[in-house]
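Colleague: The structure under discussion is supplied below as C-alpha cells; questions concerning it will follow.
The values are calculated or read from the model by the stated rules, or taken from the named source; none is laboratory data. Just so it is clear, the model here is predicted, and its values are computed rather than measured. Counting neighbours? That spans all protein chains shown, and the Cβs are built from the backbone with ideal geometry, glycine included. The accessibility values were calculated without ligands, DNA or RNA, using every heavy atom of the protein model including side chains. Shrake-Rupley method; radii C 1.70, N 1.55, O 1.52, S 1.80 Å.
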Amino acid sequence: MTTEVLEAVETPPAPLEGEPAPTPRVLVKSYGCQMNVYDATRMADLLGREGYAETQNEDDADLVILNTCHIREKAAEKIYSELGKLALAKRARDAEGREMKIVVAGCVAQAEGEEVLKRQRAVDVVVGPQSYHRLPDLLRQAKNGRRLTDTEFAVDDKFRALPNPSRAQIRARGVAAFVTVQEGCDKFCSFCVVPYTRGAEVSRPVADVLAETQRLVDAGVAEITLIGQNVNAYRGADQAGREWGLARLLERLAQIEGLARLRYTTSHPVDMTQALIDAHESIPKLMPYVHLPAQSGSDRVLKEMNRKHGAADYLDIVRRLRKARPDVAMSSDFIVGFPGESDADFEATMALVREIGFASSFSFKYSPRPGTPGAARDDQIDEEAKSERLAALQALLDEQRRAFNDAAVGREIDVLFEKPGRHEGQIAGKSPYLQAVHVEGPLEAIGREARVKIIAAGPNSLAGRLVSEEAKA
C-alpha cells in the first residue's frame with residue numbers, strides 16, 4: 001500500500017522553449033550489507049531506463065537515494081544525520097530554481113516507514129527493499145508536495161520487473177559482481193530485525209539466476225558472489241518445478257565458461273548441509289573461504305538468541321569443512337553483550353575463537369533494535385562491560401587476522417586482478433581468501449587471474465610479485 005503526505009511547494013521553472021531538458025542525475029548511497037550494494041546497482045539500472053544518468057557527486061544529483069541499513073542503532077541514526085545535510089543542500093538547490101528529490105530506501109525505510117517523513121520533511125519518497133521496483137512510478141507521483149511511502153511486501157516478482165543492465169554498465173562496475181539468489185529470513189533471531197524488514201525467506205528460480213550470471217560473465221565479470229540473508233537456505237525451483245539447493249546451483253554455475261570464481265554469503269549454521277560442504281571439495285571454482293556467523297560461543301546465549309545451533313554444532317561444521325577442503329579459511333560475526341551474557345558466557349566465545357582461528361571476522365556490541373525480543377529484556381548489559389568485552393574479542397580476532405596474512409608470505413597464490421593500484425604501475429586484486437593484493441604489473445592483467453608470490457603482509461593487504469616476473473628475475 002502506498003501512503004502519501006501533501007505539502008505546498010513551489011514548482012521549479014521549466015526549460016525555455018526549444019531548449020533540451022538536461023539529463024537528470026541520480027546518486028545512490030548504499031549502507032550495510034552486500035544485499036544493499038546489489039540493490040543499489042539495480043535501482044540505478046531501473047532509473048537508467050527512466051533517463052537518469054549515474055553520478056558520484058552530490059552537487060550534480062537531481063535525485064539522491066539513501067539505501068539504508070537497520071541492523072544497528074548507530075547505522076539508523078547515521079541516516080538521519082545524512083538526511084539533515086541533504087535537507088540543507090535541497091534548500092540551496094530550491095533557491096537556485098533547481099529541484100532535488102530525496103528517497104530513503106532499504107531497511108530503515110521498511111522499519112520506520114512514515115516516521116522518516118515525519119522526522120525529515122525534505123524526504124520525498126520512502127520505499128522498502130521489496131518495493132523499489134516501483135520507484136519510477138513513486139517518483140512520478142511525488143509532485144507538487146506529494147510525499148509517498150511504499151513499504152508493503154510486494155506480491156509481484158521484484159526481480160522480473162527490474163531491467164537488465166547494459167554491457168557497458170556491467171563493465172563499468174568491475175570484474176566481480178553480486179547476484180541475489182535468496183531474500184528474507186525465517187530464523188527470527190532475537191536480536192535481529194531482518195525478518196521484519198526483508199520478510200520471509202524466498203528463493204529466485206534457477207533459470208533466472210543462471211540467466212543473470214550468464215549476462216554478467218558475457219560482459220566480462222570473472223567472479224560471482226551469490227548473496228542472500230540466509231544464502232544457504234536457497235531452495236529455488238527449476239523449470240520442471242524441482243527444488244535445487246545451493247550446492248546444486250553452485251555446481252551448475254561452475255559450468256559457465258569464462259567464470260573463474262564463485263563465492264556465497266551470508267550463511268546460517270543450521271542450513272550448512274553436507275552437500276554444500278562437499279561442494280568445497282568438488283568444485284574448484286568455489287573459493288576456499290566461508291563466512292559463517294557464530295554470534296556467540298556460549299550455548300546458553302545462543303539459545304537466548306534463538307540461533308538453533310550450539311558451539312559443538314559450529315565446531316563440527318568447521319571440522320567437516322576443513323576435512324573437505326584443508327585450505328579453507330573461516331570468517332564469522334560475533335555479538336558481545338547480549339542481554340544476560342555473563343563473564344563465563346563471554347569466555348566461551350573467546351574459547352571458540354581460539355579453537356577455530358579465523359582469517360577475518362566482524363564483531364559488534366549488542367544494539368537493541370525496536371520490536372525484537374532482545375530489546376524488551378530487562379537484563380541488558382551496561383555499555384562499559386560491552387566495550388571491554390568487544391575490545392578483548394577484537395584484539396584476539398585482529399591477532400588471528402594478522403597471523404593469517406603473515407602465513408601467506410613466501411607462498412604462491414592465484415589473484416584475480418580488479419583495478420589499477422594506488423601507485424603508478426601497480427594493479428590490485430583479491431586472493432581466494434578476499435585479501436587485497438597489490439603487485440607491479442600491466443593494466444592488461446585486470447580481469448584475469450594470475451599467479452603471485454607474496455613478499456610482504458600488512459595489516460590490511462598483501463604485496464607480491466607476478467610469478468612470470470619472478471622467473472625473468
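Colleague: Per the Cauchy relation, a quarter of the hull surface: what is the mean projected area of the convex hull of the alpha carbons in the range 303-409, in nm²?
Modeller: Averaged projected hull area, Cα only: 7.4 nm².
Colleague: Given 5 Å bins starting at zero, what is the percent of C-alpha pairs of the range 56-105 in each, up to the one with the largest pair distance?
Modeller: Values per bin, smallest distances first: 5, 19, 30, 22, 13, 8, 3, 1.
Colleague: While we're looking at this one, here's another question. With no other cysteine's Cβ closer than 4.7 Å, which Cys residues of the chain count as lacking a disulfide-compatible partner?
Modeller: C33, C69, C107, C185, each lacking another Cys Cβ under 4.7 Å.
Colleague: Identify the chymotrypsin sites (Phe, Trp or Tyr not before Pro) of the range 371-473 meeting these criteria: DSSP loop state and at most 16 other C-beta atoms within 10 Å of the C-beta.
Modeller: Sparse-neighbourhood loop chymotrypsin sites (Phe, Trp or Tyr not before Pro): none present.
Colleague: So, one more: Given the range 237-292 reduced to its alpha-carbon atoms as identical point scatterers, what log10 I(q)/I(0) does the Debye formula return at q = 0.13, 0.21 Å⁻¹?
Modeller: Debye output, listed in q order: -0.34, -0.84.
Colleague: How big is the C-alpha Rg of the range 24-130 next to the rule-of-thumb value 2.2 N^0.38 Å, as a ratio?
Modeller: Taking the Cα Rg and dividing by 2.2 N^0.38 Å, one obtains 1.00.
Colleague: Rounded to the nearest 5, what % of DSSP beta bridges with both residues in the range 83-235 are antiparallel?
Modeller: Antiparallel: roughly 15 percent of the beta bridges in the range 83-235.
Colleague: Could you tell me which GluC sites (Glu not before Pro) in the range 225-308 are loop residues by DSSP with no more than 16 other beta carbons within 10 angstrom of their beta carbon?
Modeller: Answer by residue number: E257.
Colleague: Show me the ranking of peptides 171-182, 91-102, 454-465 by mean Cβ neighbours inside 10 Å, starting with the highest.
Modeller: Peptide ranking by packing, descending: 171-182, 454-465, 91-102.
Colleague: Give the angle, between 0 and 90 degrees and rounded to the nearest 10, that separates the Cα long axis of helix 311-324 from the longest principal axis of the Cα atoms of the chain.
Modeller: 70
Colleague: If I compute mean projected area of the Cα convex hull in nm² from the structure I just sent, which labelled value in (i) 25.0; (ii) 28.7; (iii) 30.2 lines up?
Modeller: Only one listed value fits the structure, namely (i).
Colleague: May I pose another question? Quick check: the distance between the Cα centres of the range 306-340 and the range 237-280, to the nearest angstrom?
Modeller: 20
Colleague: If you don't mind, another one. Give the carbon-plus-sulfur fraction of the accessible surface of the chain in %, rounded to a whole number; probe 1.4 Å, heavy atoms of protein chains only.
Modeller: Percent of accessible area from carbon and sulfur atoms in the chain: 50.
Colleague: On to the next question. Scan the range 28-73 for trypsin sites (Lys or Arg not before Pro) in coil per DSSP, keeping those whose Cβ has at most 13 other Cβ atoms within 10 Å, and list them by number.
Modeller: Taking the range 28-73 and a limit of 13 other Cβ atoms within 10 Å, the loop trypsin sites (Lys or Arg not before Pro) found are R49.
Colleague: Taking only DSSP H segments of four or more residues, each worth -39500 (n - 2.57), what value at 222 nm results for the chain once the sum is divided by all its residues, to the nearest 500 deg cm²/dmol?
Modeller: Counting only the DSSP helices, I get -10500 deg cm²/dmol.
Colleague: Right, next: Students often get this wrong, so check it: of K29/K285; K74/K303; K101/K386, which have C-alpha atoms separated by over 29 Å?
Modeller: In this structure, K29/K285; K101/K386 exceed 29 Å between Cα atoms.
Colleague: In the P(r) worked out for the range 349-440, what percent of Cα pairs fall beyond 16 Å?
Modeller: Roughly 68 percent, rounded to a whole number.
Colleague: For Y289, what residues show an amide H to amide H distance below 5 Å, using hydrogens built from the backbone and excluding near sequence neighbours?
Modeller: Those lying under 5 Å, H to H, from Y289 are A329.
Colleague: Determine the order of L249, L390 by accessible area, beginning with the largest, at a probe radius of 1.4 Å.
Modeller: L390, L249
Colleague: Could you do me a favour and compute the accessible area per residue for the range 258-403, 1.4 Å probe, result in Å²?
Modeller: Computed with neighbouring chains in place, this is 41 Å² per residue.
Colleague: Rounded to the nearest 10 degrees, what's the angle between the helix 343-356 long axis and the longest principal axis of the chain, both from Cα atoms, 0 to 90?
Modeller: Around 70 degrees separate the two axes.
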